[in-house]
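K.L.:
Can you read through this structure? Questions will come right after.
The values are calculated or read from the model by the stated rules, or taken from the named source; none is laboratory data. None of the values given here were measured: they were computed from a predicted structure. Note: ideal-geometry Cβ built from the backbone for every residue, glycine included; neighbour counts use all protein chains shown.
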Amino acid sequence: MKLDNNVLERIKNINWFENCGMQVNTQINIPIIYVNSWEDAKETYQLPDWENTTLEARNELTSFLHSKFRAQYSIWNQLVRDAKTFIDVEVIPKINIIKETNNLDEIFIDSVKWDILNAIMEGTFKN
C-alpha cells in the first residue's frame, strides 16, 4: 500500500489560501467561524478547540483502521513518514510564503501540516 497519488496531486495543485476572506456558498453541517483578518485567524487557530477537534478526528481514523483493517494499519507509520516528506517538499514552501506575508507564527505551519497530513491519510485509506 502507498499514498494515494490522486490525493497527493490534488494537494500539490492547491492555490493555498487564495480564497481567504470569502464565505463559501456550500451547505456545511458543522459550525463555522468566519474571520476577517489574519490576526483573527491567528487567534482562532491557536485555540485548543481546533487542536482537540483535529486530534479527535485522527484518533477516530486510527481506531477504525486498527479494528477493521489491521494489515493496512500496520504500515501507518511508514505512510505518515512518506506523507510528511511530501508535505515538506510540495506544500510547505507555498505555506511559508503565506506565513511570512501575513506575519504568522510556526503554529500556523504546524496546524496546516497536521490538517494536510490527516487529509492525505484519510484519502489513502478511503477504499
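K.L.:
Within segment 85-116, track down each residue that is among the charged types (D, E, K, R) and within 18 Å of E51 (Cα to Cα).
P.N.:
The answer is D105, E106, D110, K113, D115.
K.L.:
Across segment 56-74, what is the number of residues that are within 15 Å of L3 (Cβ to Cβ) and over 20 Å from the mean Cα position of the chain (by Cα)?
P.N.:
Number satisfying all stated conditions: 1.
K.L.:
Kindly evaluate T124 against the criterion of being surrounded by fewer than 16 Cβ atoms within 10 Å (Cβ to Cβ), more than 13 Å from the chain's Cα centre (by Cα) and over 19 Å from D40 (Cα atoms). Spell out the reasoning first.
P.N.:
Values: surrounded by fewer than 16 Cβ atoms within 10 Å (Cβ to Cβ): no; more than 13 Å from the chain's Cα centre (by Cα): yes; over 19 Å from D40 (Cα atoms): yes.
So T124 does not fit the description; no.
K.L.:
Let me ask another. So in segment 92-113, with the set limited to residues that are of a type in the set (V, I, T) and under 11 Å from the mean Cα position of the chain (by Cα), which one is surrounded by the most Cβ atoms within 10 Å (Cβ to Cβ)?
P.N.:
V112
K.L.:
Restricting the search to segment 1-46, which residues are assigned to a loop (DSSP other than H, G, I, E, B) and aromatic (F, W, Y)?
P.N.:
Result: W16, F17, Y34.
K.L.:
Mind listing just one residue for me: the one in segment 47-79 that is of a type in the set (A, V, I, L, M, F, W, C) and assigned to a loop (DSSP other than H, G, I, E, B) and, of those, modelled with the lowest pLDDT?
P.N.:
So in segment 47-79, the residues of a type in the set (A, V, I, L, M, F, W, C) come out as 47, 50, 55, 57, 61, 64-65, 69, 71, 75-76, 79.
Pick out the ones that are also assigned to a loop (DSSP other than H, G, I, E, B) and you get 47, 69, 75.
Values: L47: 83, F69: 72, I75: 86.
Checked segment 47-79; the qualifying residue modelled with the lowest pLDDT is F69.
K.L.:
Determine which member of the set D4, D82 is in contact with a Ser or Thr (Cβ under 8 Å, 6 or more places away or on another chain) and touching a residue at least 12 places away in the same chain (Cβ under 8 Å).
P.N.:
Step by step, each of D4, D82 is checked, and only D4 is in contact with a Ser or Thr (Cβ under 8 Å, 6 or more places away or on another chain) and touching a residue at least 12 places away in the same chain (Cβ under 8 Å).
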